[in-house]
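These notes are about the structure you will find just below.
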Amino acid sequence: MDTQPNNILQVDNLNVFYGSFQAVKDVSFYVKQGEIFGLLGPNGAGKTSTLSAIEGLIRQQSGSVTVAGYDTLKNPLHAKAAMGVQLQSTSFQPELNVSEILQLYAALYGVTLTQEKLHAMLKEINLAEAEGKKFGQLSGGQQQRVSLAITTIHDPKLVLLDEPTSGLDPQSRRQLWSRIDAIREKGHGVVLTTHSMEEAEAVCDRISIIDHGRVIATDTPQAMIDKHKDDPGVIAVSRRGKVTLEDVFIALTGLDIRG
Amino acid sequence: MEIAIPKTSAVMKALLKADYTTLWRNRRANIMVLIVPIIIVSTWKGFVNLAGGAFVLSNAITLGLVAIGLMGYTNSIARDRDKGVFQRLRVSPVPLWTIMVSRLLVQLTVIIILTLIVFISGYQFDHISISASGYFVTLLTSIIGGAVYLALGQVIVGRIQNPETVNSTARLIYFAFIMVGMFSQILLVTEPKLKWVADLVTWTPYGTVKDILAAGLEPSKWNNHTSEALLITLGYTVVFAVLGIKWFKWSNK
């Protein structure tokens, strides 16, 4: 396990239970500054539970999570201040409009948001004309942009994105990928969960495949393909004669449909 | 690398601003909460001569407090939990207690508005005027009484996850409070033979709150029974709050 000081996120032997059900089993990984790390897995594999433990939404039974040097159990507020989080299904107070939501979260992260800054931010996310609209009145792509703007409003060291492109059209997805790349270029770490192998290949520097709560493989997308391309199981599930990351993923996690 | 966390005072200010904006934008629903007490004050004119102005005002305020705690607070918490609003707030660097304290302060404002509106309605419709100390003590007892129903609302959102079920349960309990509380009070005045019903209701959350409010309106009539009612009111609040907080989950998932 790499425990270098430039790791912006360090997860060690994380275990999460829901009652007697163990959702996360001894999960360990790290994310460096300026790195996009993908957490891949079938439905119910433990991706969101792992992220929730990092975010402080659920408490792990054992193991440790360190964000920007802060232990999430010992210094939860400092760890949260170092993180920007986009949840799988985010909602804001339905009575507030876009600019009020941005102002609220800016204040919660200790950011002073002047009217000029607010308008610049809205312009940057192509929502200058929607500032008076309620969150529920926005399209899926617009909601995603507001949500990402709030996620990064305090220039966090670590950005956590839980299935950020789920339900987006190709244009919105490409735009979001560009924004994620821009976050990396600033030297920040990014963790994203996704079901899209195309997305993982296009965006992530390294990925971990998680299944039944355990990390079963970690590498760069291309290295993972190269390592497994000659496995009989991978060749058996590959289509059109070319091994893809999805073939490797299917071979490692099985063809059974999960809940 | 040192990470700065926002000051709690700044966090509270931002949360309060958002919660008061939400309150203002939901003003139609809140007006509905205030209508029942106004109707009581305006239609119970006959009881003013029969049982006194304090009787009418205390019943009106008590029902308003029940509506605030069971309908306003409970439904807003259940809805925001279901939509994931709390989860989004929880991943921010804010102490969890600030999220709830902000919500409760907003409800406290509604309680104060309710009490003032009942005072004004009582004066306008029934020419009920009480002493300055009576107004002041009643404001305090309204806040104490409101705490019981907010805590009871917390129990409901603690035990029940589904917002529709929370809504229907809160309405059912509200209706039960109207039936048991209000009509037992009317029986006390109109049917002395059924006094035992009113005696029984005296020690329910409706009865104790109504009694401290009535005594608050006429501080000279504060007696041992009122002090016992106050203690029991505080007891209900503590028990409901402890259970409500213990059972409460921030997420429906």
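The values are calculated or read from the model by the stated rules, or taken from the named source; none is laboratory data. Just so we're clear, the structure is a prediction, and the values are computed from it rather than from any experiment. Please note: Cβ atoms are built from the backbone with ideal geometry, for glycine as well, and neighbour counts cover all protein chains shown.
Okay, here's what the table says:
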read-out: Near pairs, Cβ below 7 angstrom, 6+ apart or cross-chain, from the range A:1-24 (assigned by TED's automatic domain parsing to the domain that holds residue A:219 and of a type in the set (S, T, N, Q)) to any residue that is modelled with pLDDT under 90 and surrounded by fewer than 16 Cβ atoms within 10 Å (Cβ to Cβ); value: A:10/A:3
read-out: From A:210, A:235, residue being among the hydrophobic types (A, V, I, L, M, F, W, C) and closer than 30 Å to residue A:62 by Cα; value: A:210
read-out: Qualifying positions in the range A:133-166 - surrounded by 15 or more Cβ atoms within 10 Å (Cβ to Cβ) and of a type in the set (Asp, Glu); value: A:162, A:163
read-out: Residue that is in the same structural domain as residue A:10 (by TED's automatic domain parsing), more than 25 Å from residue A:257 (Cβ to Cβ) and modelled with pLDDT of 90 or more, where the choices are A:185, A:201; value: A:185
read-out: Residues located in the range A:13-39, provided they are part of a strand (DSSP E or B) and closer than 17 Å to residue A:189 by Cα; value: A:28, A:29, A:30, A:31, A:32, A:36, A:37, A:38, A:39
read-out: Lone unmet requirement of (1) modelled with pLDDT under 90; (2) within 11 Å of chain B (Cβ to nearest Cβ); (3) crowded, with 19+ Cβ neighbours inside 10 Å for residue A:130; value: (2)
read-out: Residue in the range B:178-203 that is nearest to residue B:72 (Cα to Cα), counting only those that are in contact with a Leu (Cβ under 7 Å, 6 or more places away or on another chain) and in contact (Cβ under 8 Å) with a residue 24 or more places away in the chain; value: B:178
read-out: Output for the range B:72-106, where each listed residue is surrounded by fewer than 22 Cβ atoms within 10 Å (Cβ to Cβ) and away from every other protein chain (no Cβ under 14 Å); value: B:100, B:101, B:104, B:105
read-out: Of residues in the range B:1-22 being more than 7 Å from chain A (Cβ to nearest Cβ) and part of a loop (DSSP other than H, G, I, E, B), the one farthest from residue A:75 (Cα to Cα); value: B:7
read-out: Top-ranked residue in the range A:207-236 [being hydrophobic (A, V, I, L, M, F, W, C) and buried (at least 19 other Cβ atoms within 10 Å of the Cβ); ranked as nearest to the chain's Cα centre (by Cα)]; value: A:207
read-out: The listed residue being farther than 17 Å from residue B:64 by Cα, more than 19 Å from the chain's Cα centre (by Cα) and assigned to a helix (DSSP H, G or I), out of B:169, B:98; value: B:98
read-out: Qualifying residues in the range A:77-110 (those that are in a loop (DSSP other than H, G, I, E, B) and under 15 Å from residue A:145 (Cα atoms)) - the one farthest from the other protein chains (Cβ to nearest Cβ); value: A:88
read-out: Some residue of the range B:61-69 being closer than 29 Å to residue A:89 by Cα, among the small types (Gly, Ala, Ser), away from chain A (no Cβ under 14 Å) and in contact with a helix residue (DSSP H, G or I) (Cβ under 6 Å, 6 or more places away or on another chain); value: yes
